[in-house]
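One structure is given below, encoded as structure tokens.
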Amino acid sequence: MNSRRNFIKAASVGLAALQLSPTILQAQPLPPPLLFDFWLWARPNDSESEAVLKKRYQSYKDAGVRGIFFENYSVKHFQLAKQYGLETHRWMWTMNRGEKELLEKHPEYYAVSRSGKSCATNPPYVNYYRFLCPSHPDVPKYLEEKAREQLEKEDVDGLHLDYIRYPDVTLPVNLWQNYSLDQSTELADYDFCYSKFSKEAYLKETGIHIDQVDRPDQSPSWRSFRYRQINKIVNRICEAAKDYQKPVTAAVFPTPDLARRIVRQDWTNWNLSGVFPMIYHGFYKEPIHWIGTAVAEGVQGLHGKFPLYAGLYLPDFKNLNELKEAISLAKSNGAAGVSLFGETEFDQQTIALLQSIR
């Protein structure tokens, strides 16, 4: 499971929008932020000593990090991070749920490919790819309940959604060789979701039997339907979060176009407090300057609905100068900040770099 981002994941015109905050969402636009925010994705390890964690969180604070997205809930990590004034958000796997109990009790919850393979028994690409079907009538309620379990914790400042999409119908080109695939066209084994629940919901909405469509992968209405099934789940969770007066953010694919095309993810139509596109340029065989292009596309697509923070993958950078270039490109193209993923032990050089950019 720890390989998950190594496998796939790889303000601006618009910041008349809500900013991340553990306070209630407000109806009126806020002024642009005075600072450029830094965030981190992290996997808490409870075996680490308090002394090690204090040193780490002090370095984050010194560098100007605003908050951390923790993949697991850890009282020790959350409380120590808060001692240093960092926001603590719970990073939650959403559509990708491979819990043994759920697989055994509700295999019908899982998404099905165009070739008829269920994620419950035949997950695509890797064994942990166990995506749910958003059209199953019980799945939205189940995911709202999972979100509420995290939101109700007093030391959780917000919820950060991940895997809020379908399996990749097309992988980033840099990964094709890893699976001996040519995904120049959409292959049936990776095109989701064709469960009976999705087919029935689509038929009810459009009057069309998707099984009778000659090229379903080319149907605009079928594609739009699937976007909206995910949108409904995200926005249901966002609505639930209002009960706790806490923000909801999401890690998404790099640009609105790429997200829709390769994972059926329509994130510009979500009711978030902020979005974190994973602009992992190495995954797409793109140069560093593509980060600025991707940020600009996202900012333009949002039209000021909420702020965008560029997600950067640290192993893709050879040195601090490259990282500085990437952050500067994100900032100049309208990002409200960046989030970093990778080894994030900050030395004095890294602290100085981040301080200089803010």
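Given R₀ = 22 Å, what would the calculated FRET efficiency be for Asp257 paired with Lys153, taking r from the Cβ atoms and rounding to 0.05? Mind showing how you got there, number by number?
Working: r = 36 Å, r/R0 = 1.64.
My answer for the efficiency is 0.05.
Charge dipole (Cα centre; +1 on Lys/Arg Cβ, -1 on Asp/Glu Cβ; no other charges) of segment 249-299 amounts to roughly 140 debye. Summarising the strand pairing of the chain, around 10 percent of its internal DSSP beta bridges are antiparallel.
For segment 190-238, the Kirkwood estimate of the hydrodynamic radius, built from every pair of different alpha carbons, is 11.4 Å. For segment 119-174, GluC sites (Glu not before Pro) meeting the loop criterion (DSSP other than H, G, I, E, B) and having at most 15 other Cβ atoms within 10 Å: Glu152, Glu154.
Computed over the Cα atoms of segment 169-250, the ratio of the radius of gyration to the Kirkwood radius (Rg/Rh) comes to 1.09. When +1 charges are put on Lys and Arg Cβ atoms and -1 charges on Asp and Glu Cβ atoms, the dipole computed for segment 141-211 relative to its Cα centre reaches about 280 debye. Put a plus charge on the Cβ of each Lys and Arg, a minus charge on the Cβ of each Asp and Glu, and nothing anywhere else: the dipole of the chain about its Cα centre is then about 300 debye. The equivalent ellipsoid of segment 107-168 has semi-axes of 26, 13, 9 Å, largest first, where each one is the square root of 5 times an eigenvalue of the Cα gyration tensor.
Carbon and sulfur together cover what percent of the accessible area of the chain at a 1.4 Å probe radius?
Answer for the chain is 49 percent, counting heavy atoms of protein chains only.
Residue-wise HN-Hα couplings along segment 177-183, as the Karplus relation 6.51 cos²θ - 1.76 cosθ + 1.60 with θ = phi - 60° gives them from phi, are 5, 5, 10, 6, 10, 10, 9 Hz; Gly and Pro carry x. Of Lys146/Lys331; Lys55/Lys331; Lys76/Lys324; Lys82/Lys305; Lys153/Lys242, which sit over 26 Å apart, Cα to Cα? Long pairs (Cα-Cα over 26 Å): Lys146/Lys331; Lys55/Lys331; Lys76/Lys324; Lys82/Lys305.
For the chain, the per residue solvent-accessible surface stands at 42 Å², with DNA, RNA and ligands left out and a 1.4 Å probe. Taking 1.306 mPa s as the viscosity and 10 °C as the temperature, the Stokes-Einstein diffusion coefficient of segment 250-358 based on its alpha-carbon Kirkwood radius rounds to 113 µm²/s.
Taking every DSSP helix (H) stretch of at least 4 residues in the chain, weighting each as -39,500 (n - 2.57) and dividing the sum by the residue count yields a mean residue ellipticity at 222 nm of -10500 deg cm²/dmol. Between Glu104 and Ser47, the FRET efficiency from the beta-carbon distance, with R0 = 35 Å, is close to 0.75.
Partner lysines whose Cα lies under 22 Å from the Cα of Lys117, excluding those fewer than 8 positions away in the same chain, are identified as Lys100, Lys105, Lys196, Lys199.
Take the Cα of Gln79, step 7 Å toward its Cβ, do the same at Ser332, and the gap between the two points is 4.6 nm.
Karplus-based coupling profile of segment 65-74, in residue order and whole Hz: 5, 8, x, 10, 9, 8, 5, 10, 7, 9, with θ = phi - 60° in 6.51 cos²θ - 1.76 cosθ + 1.60 and x standing for Gly or Pro. Heavy-atom accessible area, probed at 1.4 angstrom with all protein chains present, ranks Val275, Val52 as Val52, Val275, highest first.
Remark: spin-label model distance Asp217-Glu325 equals 3.6 nm, labels positioned 7 Å along the Cα→Cβ axis.
Rounded if a/c is under 1.5, else prolate if a/b is larger than b/c, else oblate: which is the chain, with a ≥ b ≥ c the root eigenvalues of its Cα gyration tensor? Because a/c hits 1.5 or more and a/b exceeds b/c, the chain counts as prolate. As a calculated quantity, the FRET efficiency between Ser180 and Val126 at R0 = 22 Å, using C-beta atoms, amounts to about 0.95. Size descriptors for segment 79-185 (Cα atoms only): Rg and Dmax, in that order, 16.8, 51 Å. Full extension of the segment from Lys204 to Asp243, taken as 0.36 nm per residue of separation minus the current Cα-Cα distance, would add 10.9 nm.
Could you tell me which of the pairs Lys61/Lys246; Lys232/Lys285; Lys61/Lys232 are separated by over 25 angstrom between their Cα atoms in the structure shown? Intermediate results must be reported in sequence, preceding the final value.
Working: Lys61/Lys246 22 Å; Lys232/Lys285 33 Å; Lys61/Lys232 36 Å.
Result: Lys232/Lys285; Lys61/Lys232 exceed 25 Å.
Return one quarter of the surface area of the convex hull spanned by the alpha-carbon atoms of segment 130-203, equal to its mean projected area, in nm².
On the way: hull surface 28.6 nm².
Averaged projected area of segment 130-203's Cα convex hull equals 7.1 nm².
The values are calculated or read from the model by the stated rules, or taken from the named source; none is laboratory data. None of the values given here were measured: they were computed from a predicted structure. We place every Cβ from the backbone using ideal geometry, glycine too, and count neighbours over all the protein chains shown. With ligands, DNA and RNA removed, areas are computed over all heavy atoms of the protein, side chains included. Shrake-Rupley method; radii C 1.70, N 1.55, O 1.52, S 1.80 Å.
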